[in-house]
Amino acid sequence: MNKKSLITSIIVILLVALSYLKVVPESGVVYLVFNIVFIVAGFYMLIKGADIFVDGASKIATKFNIPQMVIGLTIVAFGTSLPEAAVSIKAALSDNAGITVGNVVGSNILNILLILGVSACIAALPIKKNTLLIEMPCVIVATVALLVMGIIGNVISFVDGIILCAMMAAFMVYLVHQAKHGDADDETELSEKDTMVKLLLLVAIGIVCIVLGSNVTVDAASYVAEKFGMSTRLIGLTIVAFGTSLPELVTSATAAKRGKVDIAIGNIVGSNIFNILFVVGVSALITPVAFENAFIKDTVVAIAAAVLLLLCVVKDKKLKKSGGVIMLVCYAVYFAYILYTNYAG
């Protein structure tokens, strides 16, 4: 860790400590400003925590000779979705269902329309046959399942959680099968300094940062939402969704910039499946997650975004710049819509 990162981390830790000690009076403009700062600090901890966790876990898997493709499709996918999982589970426990469902649906919409849109504008994104024929349809099926569950009971129940987790388990079996019969990924480099003790410590630090970051983010975001007249649905669909999707944004944009475009769509598609089946599934196992009527339209938009992605790539087996521009325009329209419905309603 360089000097700049160390100083930034210390400042963030101090800010998080302030939020827990509640040394700032819980009223007035000063407290509002501090909560906005807490949101940024919480996001930083979420992103850094996920990065540290993925790095440590990937190297541990490499030490045990686990295939790199399996690592990428499981550990790395899990790591980049940890912010969504941490925030959603914390929100579920805090009875902030607007953030729980909004975070997942909002992240999935943002992942496709914004992140892939930006990435496609940087470089054309080719896709693999299995991603087109199996994984993309799986995103649509998973999102439709969430919509049906929400409409039927206005809540994602414990039974629904079991169904979603079972679907996730089936998808993981498919990924492992594909990994064993596919081409190997790039090898993760290990150095002599990467001892097992160090790697386990990295994983532990990553988990702690993610948990603390999620607590700070949800609490601060809920306060700011109330003060600005924003519903928990809006804050979950926008601010929290964007913050927890930063790992995917950085990963996909960087991959496109460096020419490693073959993994960009696969990563986003896998993350979206993980968000619905695992994040919502586990949240529902902990406590019933209310599915507000307002989320019906948002979930339909998530389905439409997945279908749009499929239509944009089905002909040429790649997402071109033109498709990326269409996605960015669609996200701008959707963003304007949810802002309008929040304040007009």
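The values are calculated or read from the model by the stated rules, or taken from the named source; none is laboratory data. All figures in this text were calculated on a predicted structure; none of them were measured in a lab. Positions of Cβ are generated from backbone atoms using ideal geometry, with glycine treated the same way; all protein chains shown enter the neighbour counts.
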For this session: Output yes when any residue across region 118-126 is crowded, with 24+ Cβ neighbours inside 10 Å and under 17 Å from the mean Cα position of the chain (by Cα), and no when none is.
Result: yes
For this session: Only residues that are part of a helix (DSSP H, G or I) and either within 21 Å of Leu234 (Cβ to Cβ) or without any contact (Cβ under 8 Å) to a residue 12 or more places away in the chain (or both): list them for region 305-326, please.
Result: Ala305, Leu311, Ser322
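Determine whether region 37-44 contains at least one residue that is modelled with pLDDT under 75 and either surrounded by fewer than 18 Cβ atoms within 10 Å (Cβ to Cβ) or more than 13 Å from Cys209 (Cβ to Cβ) (or both). Even if it seems obvious, please write down each step before you answer.
Initial filter on region 37-44 (modelled with pLDDT under 75): none.
There is no residue in region 37-44 that is modelled with pLDDT under 75 and either surrounded by fewer than 18 Cβ atoms within 10 Å (Cβ to Cβ) or more than 13 Å from Cys209 (Cβ to Cβ) (or both).
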For this session: Can you confirm whether region 199-217 contains a residue that is at pLDDT 75 or above, touching a Lys or Arg at 6+ places or on another chain (Cβ under 7 Å) and part of a helix (DSSP H, G or I)?
Result: yes
Exercise. Of the residues that sit in region 292-321 and are within 23 Å of Val280 (Cα to Cα) and modelled with pLDDT under 90, which one is surrounded by the most Cβ atoms within 10 Å (Cβ to Cβ)?
Worked result: Phe295
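Say whether the condition of being touching a strand residue (DSSP E or B) at 6+ places or on another chain (Cβ under 9 Å) and within 28 Å of Asn130 (Cβ to Cβ) is met by at least one residue in region 264-271.
yes
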